[in-house]
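Read-outs: derived from the displayed coordinates by stated rules, not from any lab. Everything quoted here is computed from the prediction, not taken from an experiment. In this analysis, Cβ positions are derived from the backbone assuming ideal geometry, glycine residues included, and neighbour counts consider all displayed protein chains.
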């Protein structure tokens, strides 16, 4: 592949901040949105455990990882900036970890 690619990786919580389970429909909506936009999305089924502090309160998370490999364009970057804002509301979170890094696809 001759054009540069970038991976966008999301850590999404399995529970709301109050401890109640997040409905599967919210994950399905998220995966579908990414698939419709980019043609594919990948998810890991293993549970990732996280722990963090915000304003003196400790949080413990059980998370799933989703990722999408896309052409490295400003348009795609801006999509993910806006997508994170939608996910914050959808999953009712203080923050959602969204990272990105360049890929070399052989």
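Per residue of the chain, the DSSP helices (runs of n ≥ 4 H) give a summed -39500 (n - 2.57) that works out to -10000 deg cm²/dmol at 222 nm.
As a proxy for reagent exposure, 73, 53, 100 were ordered by neighbouring Cβ count within 10 angstrom, fewest first; the result is 53, 73, 100.
Of the residues 19, 82, 56, the one that moves most in a GNM of the chain with alpha-carbon contacts below 10 Å is 56. Residues considered: 17, 76, 58. Largest GNM mean-square fluctuation over the chain, using C-alpha springs under 10 Å, is found at 58. Computed from Cα positions, the angle between helix 24-38 and the longest principal axis of the chain comes to roughly 20 degrees. Rounded to the nearest 10 degrees, the inclination of helix 74-90 to the longest alpha-carbon principal axis of the chain is 20 degrees.
Stretching residue 18 away from residue 78 to a fully extended chain increases their span by 18.6 nm, per 0.36 nm per residue minus the current alpha-carbon distance. The GNM of the chain, with springs linking C-alpha atoms under 10 angstrom apart, assigns the highest mean-square fluctuation among 64, 41, 81 to 81.
For segment 5-106, the relative contact order comes to 45 percent (Cα pairs under 8 Å, sequence separation of at least 6).
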